[in-house]
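Structure record follows, encoded as structure tokens.
What follows is calculated from the coordinates using simple rules that are stated; it is not laboratory data. Computed from a prediction, not measured in an experiment: that's the story for all the values here. Virtual Cβ from ideal backbone geometry, glycine too; neighbours counted across all protein chains shown.
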Amino acid sequence: MGRGHDPASGSHARASGVSRRARKPLPVTADLLSDVLRSVRLTGALFFLVDARTPWVEELPAASEFARILLPEAQHVVSYHVVVEGACWGRLTSAPGPPVRLAAGDILVIPHGDPYALSSAPGLRAAYTPAEALDFLRAMAVGEQPPVVVEGGAGPERLLVLCGFLGCDVRPYNPVLHALPRLLHLRETGDGRLAPLVEFAVSETREPRPGARCALLRLSELLFVEAVRRHASAAPGDRPGWLSALRDPSTSQALAALHERPAQAWTLARLAREIGVSRSTLAERFTHVVGQPPMQYLTRWRMQLAARELAESGAKVGAIAFAVGYESEAAFSRAFKRMTGVAPATWRNQAAGPRRELARKA
């Protein structure tokens, strides 16, 4: 089969031998959410339980200020909190808007790293400084603080909150993160899915067993994934975004094909034949739901896959270029630099910096 052309990047992509004849629509068997979270290197960074009495307030600066403390190799840190008992209020401290009330079973996620506060009543401010907050996180990260943090005053009302922090890539392209609002409040649904995870987390923080730290970090990832799934299922179907695309028949099939075979010589016409719709229907629906045309999405996703390989493997740039659909290393390098602002080799060196620093300190 001949070579395909990637219109979004201007480079030639290698063909995979798939027949040009029209095919029946694909069933969506790919777990797209898992594929993305794996590719953006979702990693648990810190997890603890706050046992507080009123009045109580927790206030943290922007995630960019503590990301290197919690997970030096991560590009970005996401914060989230699960209310186990009691009620509190959450808000972004750098943006206007009223606080949201969190009841038992609710989840608050700060996906984009904004400074924020949780408090037992609206308007409370922390008595400690941002530097002291960073010192606390630093002590938690190295195990100098117990996994259960007792805080607050001597009031009658009790509050239990699970606090989780995760690292992930945000560049070149993290479609899940882009699909989340700056402050995400998820209410208790009553379906019982979250309760066993929360119960296990509380048990491990109160009575740690061997391997508790590892278990809690994996659990923090599970809780975040459940939060994203809950948001995806609750979001209005007509709201554009990557998570909404998972529920749209033609768009989800197109995403599944692109994720299953990102190196194929895709064109809009070939992708439309793959899922059994017209080019115009696919282009219009995909662009409306995802927020960008299919071939532009493909280029961005290829760059994310390449960035992960550059950061984690010792493969040559040309081999990585071929693996994500480019037969020309030069064309791949141009596309990569156009999206990230740096050459592939520079990206690799920058990603290796934190690992070298950790090795030096070990």
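All other residues with a Cβ under 15 Å from the Cβ of Val36 taken together, and with Lys, Arg as +1 and Asp, Glu as -1, what is their net charge? Mind showing how you got there, number by number?
Numbers: positive: Arg38, Arg41, Arg171, Arg229, Arg300, Arg302, Arg308; negative: Asp31, Asp35, Asp169, Glu221, Glu260.
Local net charge: +2.
Counting Lys +1, Arg +1, Asp -1, Glu -1, what net charge surrounds Glu157 among other residues with beta carbon under 15 Å of its beta carbon?
On the way: positive: Arg53, Arg101, Arg158; negative: Asp51, Glu85, Glu151.
Here the count lands on 0.
In the chain, what percentage of the DSSP-assigned beta bridges are antiparallel, given to the nearest 5? If you can, show how the numbers build up before the last one.
On the way: 40 of 45 bridges.
Here the share of antiparallel DSSP bridges comes out near 90 percent.
Can you give the helix-only mean residue ellipticity at 222 nm for the chain, where every DSSP H stretch with n ≥ 4 adds -39500 (n - 2.57) and the sum goes over all residues, rounded to the nearest 500 deg cm²/dmol?
On the way: 14 runs with 160 residues, N = 362.
My calculation for the chain gives -13500 deg cm²/dmol from helical runs alone.
Between the helical axis of 249-260 and the dominant principal axis of the chain, each derived from Cα atoms, what acute angle in degrees is found, rounded to the nearest 10?
Taking Cα atoms only, the helix is inclined about 80 degrees.
Taking the Cβ-Cβ separation of Thr93 and Ala269 as r and a Förster radius of 45 Å, what is the calculated FRET efficiency to the nearest 0.05?
Details: r = 50 Å, r/R0 = 1.10.
Step by step, r from the Cβ atoms, then E = 0.35.
Taking other Cβ within 10 Å of each residue's Cβ, how do Cys214, Cys163, Cys88 sort, fewest first? Walk me through the intermediate numbers first.
Numbers: Cys214 10, Cys163 19, Cys88 29.
Lowest to highest Cβ neighbour count: Cys214, Cys163, Cys88.
Please report, in debye to the nearest 20, how large the charge dipole of the chain is about its Cα centre when each Lys and Arg carries +1 at its beta carbon and each Asp and Glu carries -1 there. Let's see the in-between values first.
Values: 44 positive and 34 negative charges, 363 e Å.
The dipole of the chain has a size of about 1740 debye.
Using the 10 angstrom Cβ neighbour count as an exposure proxy, how do Leu258, Leu222 rank, fewest first? Spell out each step's value before the answer.
Details: Leu258 22, Leu222 15.
By the 10 Å Cβ count, ascending, the order reads Leu222, Leu258.
Taking 0.36 nm per intervening residue step and subtracting the Cα-Cα distance, what contour gain separates Phe200 from Val142 on full extension? Could you put the intermediate results ahead of the total?
On the way: separation 58, 0.36 × 58 = 20.88 nm, distance 2.25 nm.
That pair, Phe200 and Val142, stretches by 18.6 nm at full extension.
Tell me whether segment 152-201 comes out rounded, prolate or oblate; compute the Cα gyration tensor, take square roots of the eigenvalues as a ≥ b ≥ c, and use a/c under 1.5 as the rounded threshold.
prolate
Of Pro96, Pro55, Pro249, which is the most mobile in a GNM of the chain whose springs link Cα atoms less than 10 angstrom apart?
Result: Pro96 has the largest fluctuation of those listed.
Report the net charge of residues surrounding Pro122, where surrounding means a beta-carbon distance below 9 angstrom and charges are Lys +1, Arg +1, Asp -1, Glu -1. Working shown, then result.
Values: positive: Arg91, Arg101; negative: none.
Here the count lands on +2.
Counting only trypsin sites (Lys or Arg not before Pro) that sit in a DSSP loop (anything but H, G, I, E, B) with at most 15 other Cβ atoms within 10 Å, what is the longest stretch of the chain containing none of them? Write down the numbers at each step before the final one.
Details: sites that count: Arg3, Arg20, Arg21, Arg23, Arg125, Arg182, Arg187, Arg193, Arg247, Lys316.
Value returned for the longest uninterrupted segment is 24-124.
Given charges of +1 on the Cβ of Lys and Arg and -1 on the Cβ of Asp and Glu, with all other atoms neutral, how large is the dipole of segment 41-234 about its Cα centre, in debye to the nearest 20? Write out the running numbers ahead of the final one.
Details: 18 positive and 21 negative charges, 75 e Å.
Using Cβ point charges on Lys, Arg, Asp and Glu, segment 41-234 gives about 360 debye.
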